[in-house]
1. Quick one: net charge of Val32's neighbours, Cβ under 12 Å, K/R +1, D/E -1?
2. Largest first and in whole Å, give the semi-axes of the range 212-286's equivalent ellipsoid, each being the square root of 5 times a Cα gyration tensor eigenvalue.
3. For the range 241-283, report the % of Cα-Cα distances exceeding 17 Å.
4. Which pairs break 32 Å Cα to Cα here: Lys72/Lys413; Lys312/Lys420; Lys54/Lys391?
5. If the elastic network links every pair of Cα atoms under 10 Å, which of Lys178, Lys90, Lys23 fluctuates the most in the Gaussian network model of the chain?
6. When the convex hull of the C-alpha atoms of the range 1-128 is computed, what volume per residue in Å³ does it have?
7. Let a ≥ b ≥ c be the square roots of the eigenvalues of the Cα gyration tensor of the range 123-232; is it rounded (a/c under 1.5), or, if not, prolate (a/b larger than b/c) or oblate?
8. Rg/Rh for the range 196-321 to two decimals, with Rh computed the Kirkwood way over all alpha-carbon pairs.
Amino acid sequence: MTVPKKKDPIEQTRARINSGDAKIGIIGLGYVGLPLALAFSDKFRVIGYDADAKKSKMLKQGKSYIDDISDKAVKEGLGNGFRIAEDYSKLRDCDVIIICVPTPLDKRGYPDLSYIAHSSDIVEKIVRKGMLVVLESTSYPGTTDEYLGRAIRRAGLTPGKDVALAFSPERVDPGNKKYGIRNTPKVVGGVDARSTEIASELYSAIVEAGVVRVRDCSTAEAVKIVENIFRGVNIALINELALIFERMGIDTWEVIKAASTKPFAFMAHYPGPGVGGHCIPLDPMYLSYKAKQYGMVPRFIELSHEVNEFMKHHTVNLTMAALKKAGLDKEKATVAVMGVAYKKDISDTRESPAAEIIEELSKRVQRVLVHDPKAESITTPVGTFKSVAMKKIMAEADCLVFVTNHSQYERLKPKDLLGKHVKAIVDTRNLFDSEAVEKVGLVYKGIGK
Ligand code: SAJ
């Protein structure tokens, strides 16, 4: 009589994933982890854990704290199979653990992997044979093996053999109405072929756009970091061209529009006041840091960071020039910063270029006011600035500096800019036609123009 071969624990997990019985644990319920938890809760039981008790409390009340996720979506998730654990030990009986925690930079500008380290400590405590562990947080190649591989080994298990381990980069684009988790291809790379396969089967359950398998975790990590470096470098290139064309009297925006008519080999990026958010200004520094450990100084990455950082100062210089041209005494001037979110139509002000622009302006003009239709306030090195009513701006400001291209500002006509004292406009996002603004008697300064 043949004794049925006791199914390998990882194969049991695989079977539960494919039958929909698997229980999925998500560590980190921010702008990456929460949409993922809700997407999976349509098909699986999901337990979410976040170290921030305030977030757990809000979610339990069916409330969202993420721009792109409504309270209704959270309530629906709770109605499906989404549960919030206040104690990570509840994740112990999950079949799958997915980690979606922040990867910021520390004060020195070096990678801060403390959130991943903390999550790895949790994994060490809850991991058991047969589990699938996936990291989604953007980091330098080698992080998954270095942190989660090590945690699994510290728990006395072997990645690949006892526990499937993979990296699958998040591609969440805040404010993007067109692309989300379901219709954006998902890249997956595991410590071994089986880990890649099982993780791919898991994501195939929710990602209609398909899963892209790569040979290992480091390759998958490199894919994500290249995507964001590509963006950062191309934004820096067009920022540098804008600085050149300003001096040559060429309209950079007209140039980009025309160059975009080429049906191949050109991708439009746009100049601006600098690059914000938790990804583009930070992720490239992760590879830069790692490259130096391999004896390579990545000049492109570092230079593009410098150029994008300079655009904040350039915005302040343009403001000073506009005040001068308008005959305004800068020490008596009130300047309004229009838009503090790091990009259009979102409320997120993380790493927003507006913070340093406000800091520098505060040292050079009498008063800085802030307006933003989405973000209530912004914290800067010189204090927190609350968004004030447009009425107050138009009654008190001498100069309007447009930093974020919110739709509300795109709808403004030059005559709408004629506040009681407004004499000058600084346009970092090509929101207005310079001649039309000058025609209503205002001084116009614009990035790339
Ligand atoms: N920006 C420009 N010029 C441009 C495009 C953007 O100045 O042509 C500025 C924006 O105003 C903003 C910053 O760059 O301040 C970043 O904006 P973004 O829309 O490029 O990026 P994020 O940080 O909101 O999201 C990025 C996206 N990455 C890429 O597009 C390659 C998103 O797909 C990633 O998932 C996300 O980073 C992430 O989480 O990594």
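Each value in this text was obtained by applying a stated rule to the coordinates, not by laboratory testing. Remember, it's a predicted structure, so these values are computed and weren't measured experimentally. Using ideal geometry, Cβ is built from the backbone for each residue, glycine included, and neighbour counts are taken over all protein chains shown.
1. After counting each charged neighbour, the total is -3.
2. 29, 16, 8
3. 48
4. Lys72/Lys413; Lys54/Lys391, as the Cα separations exceed 32 Å there.
5. It is Lys178.
6. 126
7. prolate
8. 1.08
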